[in-house]
Amino acid sequence: MKTLSRPAPPVAADAWAPRRYDFTKLFAVLGAVFLGIAIYVWAAWILSGDATPTKPGPDPIPGYVKAFAWIYQISGVVLLIGCIIYVVRKSRRERQLTFDAMILFAWATAMWLDPATNNYIRPNLLYNSYLINFGSWAPHIPGWLSPNANLLPEPIVAYIGLYGVPGVLVAMLGCWGMRIGRRRWPHMGKVGIFLCGMAVIGVFDLFLELFLIRAQMWSYPLAIRSLSIGAGTVYQFPVYESVLFGACWTATAALRFFRDDKGRSVVERGASAMSPNSKKSTLMRLLAVTGFVHLTYLIYSICFSWAAVYGGPYPEGYKSWMLNGMCGPGTEYVCQGPKEHIPIPGSGPTAR
């Protein structure tokens with residue numbers, strides 16, 4: 001007797017293809033979490049009454065410092081307006097939220113991490129309080145350790161353009177460096193292309209920060225002196241800042257550079273199953289890019305804050321409009337390097 005066998009069901013052509021993890025959902029969740037923390041931190045800062053200006057103090061501020069401070073702040077506002085016009089026009093032309101628009105949003109909202117960049121453990125970043133400021137939201141960041149953090153004068157007007165705009169412009173600069181590397185070495189892999197972009201961005205950051213530190217807009221008092229330019233002075237600059245922050249910036253540039261034929265980065269491709277221009281797809285992509293940017297910035301913040309543990313002593317010569325009552329005269333905290341020994345009254349071999 002002949003046995004009839006049921007034919008096997010058809011197998012899809014891609015059934016045996018390796019599955020790709022959906023990075024879009026992962027980074028979108030991270031983006032939502034980071035935005036939630038940002039909203040909480042800024043809301044707590046405002047509602048607590050900590051959002052009050054930090055005054056410059058008694059030391060006189062040179063005229064050239066005041067002049068540049070205003071140029072710096074006005075430039076930030078102008079750059080922001082120009083960048084917004086650029087991304088809005090491009091988004092309207094393409095009838096979708098462009099990648100550059102998402103970068104602008106992601107980097108602008110990442111500003112909540114700014115004080116954690118250097119001061120999470122110790123006061124390793126000083127801002128000029130002549131710049132328009134309302135103190136800092138730093139104490140409301142979960143787990144904050146550094147003292148008198150509410151007095152850090154976050155230059156809110158200058159940073160309006162310093163966060164969102166460079167996220168776009170420096171990403172373009174990094175992509176330019178990557179294109180040059182790809183043309184010069186056609187067989188170079190992605191790591192090499194990334195390093196080409198990082199070299200260009202790192203040099204840009206080096207000269208930009210050296211200039212702004214000389215203009216006394218900010219300072220790095222706890223820099224590791226053996227790895228710093230101008231070590232031991234109020235103008236010292238830790239070169240590893242350009243390496244670490246250059247890598248952080250380059251990560252965004254690489255996200256922009258390595259996109260598929262649909263213009264989607266690796267963290268957006270999971271939204272391709274949805275309608276490309278649907279609101280849900282656009283929101284998922286925006287959150288994913290935001291999550292990626294905030295995560296890379298958080299990693300940079302942890303690395304740079306940890307470097308402060310190995311920094312040298314505070315250089316002499318900081319004025320009241322740079323120290324701002326965070327440490328030093330008039331406070332109960334001594335401005336010091338992590339390895340300095342501060343004798344406690346009544347202690348030591350002569351104490352009884």
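Can you find even one residue in segment 236-255 that is over 24 Å from A138 (Cβ atoms) and open to solvent by 40 Å² or more (accessible area, probe 1.4 Å)?
Yes; the residues of segment 236-255 include at least one that is over 24 Å from A138 (Cβ atoms) and open to solvent by 40 Å² or more (accessible area, probe 1.4 Å).
For the structure I just gave you, tell me whether A28 is open to solvent by less than 20 Å² (accessible area, probe 1.4 Å), at pLDDT 90 or above, within 24 Å of V165 (Cβ to Cβ) and out of contact with any Pro (no Cβ under 7 Å at 6 or more places or on another chain).
So A28 does not fit the description; no.
Looking only at segment 148-206, filter to residues that are among the aliphatic types (A, V, I, L, M) and in a loop (DSSP other than H, G, I, E, B); which one of those is surrounded by the fewest Cβ atoms within 10 Å (Cβ to Cβ)?
M188
Which residues, counting only those in segment 108-145, are more than 23 Å from Y318 (Cβ to Cβ) and touching a Gly at 6+ places or on another chain (Cβ under 7 Å)?
Correct list: A108 only.
So R285 clears everything in (1) surrounded by 15 or more Cβ atoms within 10 Å (Cβ to Cβ); (2) over 30 Å from R95 (Cβ atoms) except one condition, right? Which one?
Exception for R285: condition (2).
Within the set of pairs 6+ apart or on separate chains, which have a first residue in segment 328-342 that is modelled with pLDDT of 70 or more, a second that is in a loop (DSSP other than H, G, I, E, B) and of a type in the set (A, V, I, L, M), and C-beta atoms under 7 Å apart?
Here the result reads V334/I342, each pair linking segment 328-342 to a residue that is in a loop (DSSP other than H, G, I, E, B) and of a type in the set (A, V, I, L, M).
Could you say which residue among V88, V77 is under 27 Å from M284 (Cβ atoms) and open to solvent by 50 Å² or more (accessible area, probe 1.4 Å)?
V88
What single numbered condition from (1) open to solvent by less than 30 Å² (accessible area, probe 1.4 Å); (2) closer than 16 Å to G76 by Cα; (3) without any contact (Cβ under 8 Å) to a residue 24 or more places away in the chain fails to hold for E209?
All conditions are met except number (3).
The values are calculated or read from the model by the stated rules, or taken from the named source; none is laboratory data. Since the structure is predicted, the reported quantities are computational estimates derived from the model, not experimental observations. Cβ coordinates were reconstructed from backbone atoms using ideal geometry, including for glycine residues, and neighbour counts include every protein chain displayed. With ligands, DNA and RNA removed, areas are computed over all heavy atoms of the protein, side chains included. Shrake-Rupley method; radii C 1.70, N 1.55, O 1.52, S 1.80 Å.
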